[in-house]
Amino acid sequence: MALAQQANPVLAAEASGCPAGSVSRRSARRTEQVLAVAADLLVIWASSLPVLGLRLAPAFTTRFGLPPLERGPHFAAHAGFLLSYSVLVVLLCDAQGLYNHMHTISASEDGWLVCKAALAATTLQTACICFSGPRYVSRFVIALTTAASAALLIGWHRLRRLRLQRTCANGWSGRNTLIVGSGQQALALRAYLDHNRHLGYVVRGLVACAPQNGEDHAAETLGSVSDLRALVRAHFIDEVLVTAADRELVKRVVSEAASIGLDVRVIPDLYDGLGWGAPVEYIGHFPAIGLHERPRRTVALLLKRGIDVAISAAGLAVFSAVFLVVAIAVMLSSPGSVIYASERVGRKGRNFRCYKFRTMVANAEAQKASLQSLNQRDQVLFKIANDPRVTRVGRFLRKYSLDELPQLWNVLKGDMSLVGPRPPLASEVRQYEFEHLRRLDALPGITGLWQVEERSNPSFARYISLDTDYVEHWSPWLDARILLKTVAVVLAGTGQ
């Protein structure tokens, strides 16, 4: 039994009384709540400090006949008021459950909770000021701070909600989801999630509990549970929601999902001991029990994106003169456009236009078929050491990877990252096996593990292995190591 528990994380979780993934789910939720509180504090201070600065300005007090305030004791008293007021507002918002349910409550309810918190904080602060002796805090500052902070908080929360709705609707955010079950409950859950996109779920389809027959709403299902692994890879699934009431089927789905690092939630039964100790959450109005969840690294991913934006923006500014020189050289080298834009497949199968300086003749794609016999790479990859389509200027650009500088714009836009798997062509992805799609779980990068370790290795298996290894073992330190190696590789001029 002990060996079985070690081999199966689900059985081990049941034996220990702690469901797999519950700790990481709570950790990710706490991180999100901390970031939301920090953002609200910044918004309150951003709305309050201008009010205080305006009240302290002599020109303002003279024009409206207000008594002047001294910048010494009066400023300290007002700063203390603003600090305690902001803390009270977020504490009262938290007491009303705003940070626990910020994705599930409506926009009007969110605004009402913010207004109640701001008014209650103002009332408490005013009472404290009235009973504390000398009244150094201006009533003008108190009133305007309450109104401005409440308005900006409501606006900020609305913008955050609209941004989430827009990114989910465009497919740039949200969790790709499969619903196991094809009955009325599964159809109702799908309709609800499709209508409430701000919850962050993108339903890719239903999975029948058994091979499809006339009773399984065949038009609505993608396959059966036996096809789960293939469906997960084909549709880049992040989470499975189980609506079936079959206990053994649920165990089978959880075991299968855990083996491939997939999140599973069951709606809504406890399934005997399978969900003991698991927190009951809500997806809108639907109760859900988290049974397995892969670890999430929210802060590390935010750090990665911040570094991408900072370095790509700085690179575009610093290398602007290089861009101009290279563009002129490309334009003079041969007829054709300066920038070559190719359709590539990015994270989770999303297509995007990848930009490079043109290094080949204008009709290079038309010549590719005639050069297939010279291909030196394995399987779907295509590379020729002395490609006759490459121009003289293009050969120099490739040698020092200068042709890839325009991809800094892709990084700034969010299509790519500085470090990640190489962005493949759609024609390459169509030849992938299901397990190869794992490399598309991360943003593609300008550089990556394969580029710095085995860029001259013709093996397709090694290429896939390195990219998959990067996706599964990613960390900021791995990115830093790859970037340092990239500098050495570029300076060595080993590009082709």
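The values are calculated or read from the model by the stated rules, or taken from the named source; none is laboratory data. Remember, it's a predicted structure, so these values are computed and weren't measured experimentally. Don't worry about glycine lacking a Cβ; one is built from the backbone with ideal geometry, like all the others, and counts go over all protein chains shown.
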Selection count where residues are outside any strand (DSSP E or B) and at pLDDT 70 or above, scope the range 160-185: 14
Residue match in the range 467-481 (condition: buried (at least 17 other Cβ atoms within 10 Å of the Cβ) and modelled with pLDDT under 85): no
Residues within the range 400-446 that are part of a helix (DSSP H, G or I) and on the phi > 0 side of the Ramachandran plot, tallied: 0
Enumerated helices (runs of 4 or more DSSP H) restricted to the range 17-118, each holding at least 2 residues that are at pLDDT below 60 and not acidic (Asp, Glu): 22-56, 58-63
Scan of the range 285-324 for residues that are within 28 Å of Gln185 (Cβ to Cβ) and under 21 Å from the mean Cα position of the chain (by Cα), ordered by number: Gly290, His292, Glu293, Arg294, Arg296
